[in-house]
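Notes to accompany the following structure.
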Amino acid sequence: YFIKGRPGSGKSTMLKKIAAEGKRRGFDLEIYHCGFDPNSLDMVIIRELGLAIFDSTAPHEYFPSRDNDEIIDMYELLIEPGTDEMFSEEIEEVRNKYKDKMAEAIGCLTEAKSLHDDLETIYTSATDFSIVDKYKAQINDEILRRSGK
């Protein structure tokens, strides 16, 4: 299921409710949180049912490619007609503030990545990778042992 809709139209809320119901019924769930807002969900997968339901709006917009794919447009289904017109000025103001803050956030993430790279350069030169390889081999052996291979 491809969930579409504007911010605040209930996409993440629906995903949270689906996840809660899946958990209540004992399904093994894969839950994916939004990278910008860890309290918001972007996707729930229930492999036992062959079901994936996800937020298909920018920046991760996809379109159906299989016969059984379905779009659920939360805005179209839930928001009263005329809402955009009634609140056009407020919506535009919030949209512009949101766009500005997203640009600011991306700038902060870019700076954080640069600082991380600086730290990584320092620690990489001081790391004994033979120890890393030893633990990697131990963990790989444990995975194989537990999988019965």
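The values are calculated or read from the model by the stated rules, or taken from the named source; none is laboratory data. Keep in mind it's a predicted model, so treat the numbers as computed, not measured. Every residue, glycine as well, gets a Cβ built from its backbone with ideal geometry; the counts of neighbours run over all protein chains shown. Accessible surface is based on the protein model in full, side chains and every heavy atom, while ligands, DNA and RNA are left aside. Shrake-Rupley method; radii C 1.70, N 1.55, O 1.52, S 1.80 Å.
Mind checking which helices (runs of 4 or more DSSP H) fall wholly inside the stretch 37-149 and carry at least 3 residues that are under 29 Å from the mean Cα position of the chain (by Cα)? Talk me through it step by step, then tell me what you get.
Values: elements: 74-78, 83-86, 88-125, 129-147.
Output list reads 74-78, 88-125, 129-147.
Here is a list: E30, E90. Which entry is over 18 Å from K16 (Cβ atoms) and of a type in the set (D, E, K, R)? I'd like the intermediate steps shown before the answer.
Values: E30 fails: over 18 Å from K16 (Cβ atoms).
Only one candidate passes the filter, namely E90.
Note down all Cβ pairs under 6 Å where the first residue falls in the stretch 66-88 and is on the phi < 0 side of the Ramachandran plot, the second is surrounded by 13 or more Cβ atoms within 10 Å (Cβ to Cβ) and part of a helix (DSSP H, G or I), and they're at least six residues apart or on different chains.
Correct list of pairs: M74/K11.
Test Y62 against the criterion of being open to solvent by 90 Å² or more (accessible area, probe 1.4 Å) and in contact (Cβ under 8 Å) with a residue 40 or more places away in the chain, and give yes or no. Write out each step before concluding.
Details: open to solvent by 90 Å² or more (accessible area, probe 1.4 Å): yes; in contact (Cβ under 8 Å) with a residue 40 or more places away in the chain: yes.
Yes: the conditions hold for Y62.
Take the stretch 89-108 and flag every residue that is closer than 16 Å to A58 by Cβ and open to solvent by 100 Å² or more (accessible area, probe 1.4 Å).
Across the stretch 89-108, the qualifying residues are R95, Y98, K99, K101.
Go through the stretch 22-59 and report how many residues are over 17 Å from Y1 (Cα atoms), among the charged types (D, E, K, R) and open to solvent by 70 Å² or more (accessible area, probe 1.4 Å).
Adding up the residues that qualify gives 4.
Going by the structure shown, is I72 open to solvent by less than 90 Å² (accessible area, probe 1.4 Å), in contact with a Leu (Cβ under 9 Å, 6 or more places away or on another chain) and of a type outside the set (D, E)? I'd like the intermediate steps shown before the answer.
Working: open to solvent by less than 90 Å² (accessible area, probe 1.4 Å): yes; in contact with a Leu (Cβ under 9 Å, 6 or more places away or on another chain): no; of a type outside the set (D, E): yes.
Here the answer is no, as I72 does not meet what is asked.
Is it the case, given these coordinates, that I18 is of a type outside the set (D, E, K, R) and out of contact with any helix residue (DSSP H, G or I) (no Cβ under 9 Å at 6 or more places or on another chain)?
Details: of a type outside the set (D, E, K, R): yes; out of contact with any helix residue (DSSP H, G or I) (no Cβ under 9 Å at 6 or more places or on another chain): yes.
Answer is yes for this residue.
Just checking, how many residues over the stretch 5-21 are under 19 Å from F63 (Cβ atoms) and surrounded by fewer than 18 Cβ atoms within 10 Å (Cβ to Cβ)?
Residues in the stretch 5-21 being under 19 Å from F63 (Cβ atoms) and surrounded by fewer than 18 Cβ atoms within 10 Å (Cβ to Cβ): 1 in total.
If we keep just the residues of the stretch 4-35 that are touching a residue at least 12 places away in the same chain (Cβ under 8 Å) and of a type in the set (K, R), which is farthest from E92 (Cα to Cα)? First the steps, then the outcome.
If we filter the stretch 4-35 for residues that are touching a residue at least 12 places away in the same chain (Cβ under 8 Å), which is where we start, we get 4-7, 9-12, 14-16, 18-19, 22, 27-32, 34.
Now drop any that are not of a type in the set (K, R), which leaves 4, 6, 11, 16.
On the way: K4: 20, R6: 13, K11: 21, K16: 28 Å.
By that ranking, first place goes to K16.
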